[in-house]
Structures are given as C-alpha cells and as structure tokens.
Amino acid sequence: MGKITNGLIIGTIAGILVGLAGARKDSPYEGFKIKTFFRSPIVGAIAGVIVAYSVKSDKKGLFLGSIAVERMIVEGYKLLRAQKAGKFDYGEWGIRKEQYIKN
C-alpha cells in the first residue's frame, strides 16, 4: 500500500479509538455528541497522511504519530475557538483594564 492509503487507514483507526476514548470519558458529564465523535476520525485521517509523509516509520509509529498530531490539531482548534481574555487583559485586582481606567 502507498503512503496515502496507509495514512488514511491507520489515521482513521487512530481517530476512531481517540473518539471512543473521549466519548467514554466525557459522556457521563456532557452527553454523547455525534459531531465531536466523528471529528476525531476525520482529523485522524488527515493527521495520518501528514505523519506518513513526514516520517519514515512502521505502522505502530504511524498509529502513535497520528494520535499525537490529531490531538494537537483538535486541542489547538478548541483553544483558538475558546479564546478567553488572557492574564494581561486584567489589572492587579482582577478588574478589566477598561473598567480600571474609567474609575
């Protein structure tokens, strides 16, 4: 099989396992969300292709690399999506700078 095929298959399998683990961990608290479950296999397939072209390794290395890249992509996306005010947006007493300046 070629690099693309190996990356797609192994990355999808890695993504399915990551999705199952996340569903098992979060379902009791948040409920099962089909959209977030299928996000991991799709991103895992993309990550598998990236890893297959980036490194020369066996199938075990491709599997573990796919998991790592998939987690970096998904968690990075969630971090950017959630953009909360940073530590430098607040003054000394936890008051937003804009409110602090007005007073």
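The values are calculated or read from the model by the stated rules, or taken from the named source; none is laboratory data. Note that the coordinates shown come from a computational prediction; the quantities given were computed from them, not determined experimentally. Glycine gets a Cβ as well: all are built from the backbone with ideal geometry, and neighbour counts include every protein chain shown.
Descriptive notes on the structure:
- Test: residue in the stretch 55-63 that is within 15 Å of the chain's Cα centre (by Cα) and not β-branched (Val, Ile, Thr): no
- Each residue in the stretch 7-39 was checked for being at pLDDT 90 or above and polar (S, T, N, Q), and 1 of them qualify.
- Count - residues of the stretch 65-82 that are touching a residue at least 40 places away in the same chain (Cβ under 8 Å) and not charged (D, E, K, R): 2
- Cβ separations smaller than 7 Å between residues 6+ apart or across chains give the following pairs from the stretch 2-23 residues that are closer than 14 Å to LEU62 by Cβ and touching a residue at least 12 places away in the same chain (Cβ under 8 Å) to residues that are surrounded by fewer than 17 Cβ atoms within 10 Å (Cβ to Cβ) and basic (Lys, Arg): ILE10/LYS59.
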